[in-house]
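J.: What follows is a single structure, and I will ask about it in a moment.
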Amino acid sequence: MFDSIIVKPKGSSKTLVLGHFSGQGLDGRSKAFAAGLGVADAVAAALSRPEATGDAGSIAEAFPSPGSTKGKGATSGIERVIVVGLGKADGFELGGLRAAAAAAGRRLAGAKATSAAFEFEGPVASVKGDMHGAGRMMGESLGLLGWVCDDFKGKGSTPPKRVKLEVRSSDADFTAGMDQGLALAESVNFARTLSQTPPNIATPSFMAKAALTLARKYGMTCKVFEGDALERERLEGLINVGKASENGPCMVRLEYAPKGVARSAKPLVLIGKTVCYDTGGLSLKINNGMVGMKRDKDGGCAVLGAMHAIATIVKPRRRVVAFLACAENSISDEAYRPDDILTYRNGVTVEITNTDAEGRLVLADALCWACEKENPAAIIDLATLTGGVVVALGGTFAGMFCENDALRKQVEDASNASGERVWRLPMHQEYRDMMKSPVADIINSNPNRKAAPIQGAAFLSYFVTEGVPWCHLDIAGVHVAEKNAGMFIEGPTGWGVRLLAALVE
């Protein structure tokens, strides 16, 4: 929607953006601010419009009379006033500002606005909110809304005309927050662009190179296990899922290790399912079931985006290790088959009943490795794992499986802070027993579709060492926006980047 969005504290703005709660007029501070700029009449005109309901995301606007504006500094020369609804004041949380920013941003884009001053001190103060946090919500939402990916447009398309938008505020804390929010959105948008990249480009080696580039740029370390290294390390899931493709599988290990933190310190481990394309293998997907399967790598995209945020914004005083389990699930005479039995490095044997349940097979490798080699403080994996979680939770919540109370609380707190919602689903021995095999230890998919999303988590639990805090997030319902609304246009959402950044922060 925008060519770029930057925070520019100094300078003038042609658009003033204010906020108000439903059932309330403009607060006293905002009125005084508007009067000081000579735009009180325009603000009153906007508020008198029927669309000025104050409902979350509602927009009303008006235009000051020529020559009526006055004032100096960041908000002089106002030509347009936008008043955005914040919803009900009772129980309002700062996360609600994301919807307000998205609505205002869409109007600014439609108006081809090049500068905007966001003045929200009054409403934020009225709910005893933090100005830095409020600015961060605004910047984050605007940055997510501003994502575009024209990388694959050719000569058959006319490039759209987009403007560069400058944003500012008279409040220094709000301004700093917007800057930080835009930076976090950059990390999310990095993940979204990876997701959008088609499978003939975004192969396993492409994802590995993206991780290597990220490591070099931001002082992290990166190692790629591929070819003979997969055999030596007995990474059976990756070997078998990926062996039918000419684009070989790999496992990527990316580490953030700040100076002064002991190498022996237990790291937080992040694992992303990175199936760059999924045909279903010999259990071939039917009809149009393959459309969109370039996004079966979105768990890995989110983990890379989170590592970008960790290295550039969060900069925690702790080690964070990320793994991408990268493969293509293809078809050839080399393809793994239903009835095959795989033996993992932890000794667990798996009977293959469905080659389209491949994500759990590659994640199992990374879980085994992390438990055995990393001495993790906790493990969180993200995966577009099951269609069942979409049936259960739709696109509103990600499915969360976590039996460790402390880690679950941290993930839920991070969910609340980031606005990326999770819903706890159960784990019980009966679900694990559903995965038992008559000929091996476990099967990779039970043909009985009962508890489909839980089956995936139950399978993964066999590869997590007892006592290691572990959280599995099934993001199959939330990794894509199906329509152009709110902070997102139709396409990838980068779900998980903000949650993981908040968790580490």
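Throughout, read-outs are computed from the coordinates displayed, never taken from laboratory work. Here the structure is a predicted model, which is why all the values come from computation and not from measurement. As a convention, Cβ positions derive from the backbone with ideal geometry for all residues, glycine included, and neighbour counts pool all protein chains shown.
J.: Just grab the label-to-label distance for Thr158 and Thr114, each label 7 Å out from Cα along the Cβ direction, in nm (one decimal).
T.: About 2.2 nm separates the two model spin labels.
J.: Measure off 7 Å from each Cα along the Cα-to-Cβ vector at Met290 and Lys88, then give the distance between these two points in nanometres to one decimal.
T.: It is 5.0 nm.
J.: Taking every DSSP beta bridge that has both residues in the chain, what percent is antiparallel when rounded to the nearest 5?
T.: Values: 28 of 69 bridges.
Taking every DSSP beta bridge within the chain, about 40 percent pair in antiparallel fashion.
J.: Let me ask something additional. For Lys436 and Asp339, FRET efficiency with R0 = 22 Å and r from the beta-carbon atoms, rounded to 0.05?
T.: Numbers: r = 16 Å, r/R0 = 0.74.
About 0.85, to the nearest 0.05.
J.: Let me ask you something else. Between Asp41 and Asp413, 0.36 nm times their residue separation minus their Cα-Cα distance comes to what? Don't jump to the answer; show the numbers that get you there.
T.: Working: separation 372, 0.36 × 372 = 133.92 nm, distance 4.27 nm.
Extra length available between Asp41 and Asp413 comes to 129.6 nm.
J.: Still on this structure, please answer the following. I'd like the projected area of the stretch 4-188, averaged over all directions, using the convex hull of its alpha carbons. Report it in nm² with one decimal. Don't skip to the end; give the middle numbers.
T.: Values: hull surface 43.1 nm².
Answer in nm², one decimal: 10.8.
J.: Length gain on complete extension for the stretch Asn448 to Cys149, per 0.36 nm per residue less the alpha carbon to alpha carbon distance? Each step should come with its number before you reach the end.
T.: On the way: separation 299, 0.36 × 299 = 107.64 nm, distance 4.05 nm.
Taking Asn448 through Cys149 to full extension adds about 103.6 nm, to one decimal.
J.: Still on this structure, please answer the following. Quick one: check the C-alpha center-to-center distance for the stretch 432-463 versus the stretch 354-378, whole angstrom.
T.: Answer, in whole Å: 15.
J.: Turning to a different aspect of this structure: Going by Cα centres, the stretch 6-33 and the stretch 467-505 are how many Å apart?
T.: Rounded to whole Å, the Cα centres lie 31 Å apart.
J.: On to the next question. Which FRET efficiency value, to the nearest 0.05, do you get for Asn375 and Ile201 by plugging their Cβ-Cβ distance into 1/(1 + (r/R0)^6) with R0 = 25 Å? List each step's numbers first, then the result.
T.: Numbers: r = 36 Å, r/R0 = 1.45.
Once rounded, the FRET efficiency stands at 0.10.
J.: Output ³J(HN,Hα) for the stretch 489-505: one whole-Hz value per residue in order, computed from phi by the Karplus curve 6.51 cos²θ - 1.76 cosθ + 1.60 with θ = phi - 60°, and x for Gly and Pro.
T.: Coupling constants for the stretch 489-505: 8, 4, x, x, 9, x, 4, x, 4, 5, 4, 5, 5, 5, 4, 5, 5 Hz.
J.: Further, regarding this structure: For the stretch 330-444, what is the per residue volume of the convex hull drawn over the alpha-carbon atoms, in cubic angstrom? Numbers along the way, then the final one.
T.: Working: hull volume 16.0 nm³, N = 115.
It comes to 139 Å³ per residue, whole-number rounded.
J.: Between the stretch 169-221 and the stretch 116-139, what's the alpha-carbon centroid distance in Å?
T.: Here the two parts' Cα centres lie 25 Å apart.
J.: Moving on to the next point. Name the residues whose placed amide hydrogens come within less than 5 Å of the amide hydrogen of Ile5, ignoring near sequence neighbours (fewer than 5 apart) on the same chain.
T.: Hits under the 5 Å cutoff: Leu165.
J.: Please list the three semi-axes, largest first and in whole Å, of the ellipsoid equivalent to the stretch 13-119, using sqrt of 5 times the eigenvalues of its alpha carbon gyration tensor. Provide the component values of the computation, followed by the final result.
T.: Details: eigenvalues 89, 44, 30 Å².
Semi-axis lengths for the stretch 13-119 are 21, 15, 12 Å.
J.: Based on Cα positions only, what radius of gyration and what Dmax would you give for the chain, in angstroms?
T.: In Å, with Rg to one decimal and Dmax whole: 24.6, 84.
J.: Hey, quick one: spin label on Ala125, modelled 7 Å out along Cα-Cβ, who in the stretch 1-39 has an amide N within reach, i.e. under 13 Å?
T.: 27-34
J.: When the helix-only estimate is applied to the chain (DSSP H runs of n ≥ 4, each -39,500 (n - 2.57), divided by the residue count), what is the mean residue ellipticity at 222 nm, nearest 500 deg cm²/dmol?
T.: It lands at -10500 deg cm²/dmol.
J.: Another question, then. Sketch the reach of a paramagnetic label on Glu482 as a point 7 Å from Cα along Cα-to-Cβ, and name the residues of the stretch 396-416 whose backbone nitrogen lies under 13 Å away.
T.: In the stretch 396-416, the label zone of Glu482 (backbone N under 13 Å from the point 7 Å along Cα→Cβ) covers 396-397.
J.: Extension gain Ala172-Arg29, at 0.36 nm per residue separation less the Cα-Cα distance, in nm?
T.: On the way: separation 143, 0.36 × 143 = 51.48 nm, distance 1.62 nm.
Separation in residues times 0.36 nm, less the Cα-Cα distance, equals 49.9 nm.
J.: Would you please classify the overall shape of the stretch 420-493 from the alpha carbon gyration tensor, given that a ≥ b ≥ c denote the square roots of the eigenvalues, rounded means a/c under 1.5, and beyond that prolate means a/b larger than b/c while oblate covers the rest? Present the calculation step by step, with values, prior to reporting the outcome.
T.: Working: a/c = 3.05, a/b = 2.03, b/c = 1.50.
Judged from the Cα gyration tensor, the stretch 420-493 comes out prolate (a/c at least 1.5, a/b above b/c).
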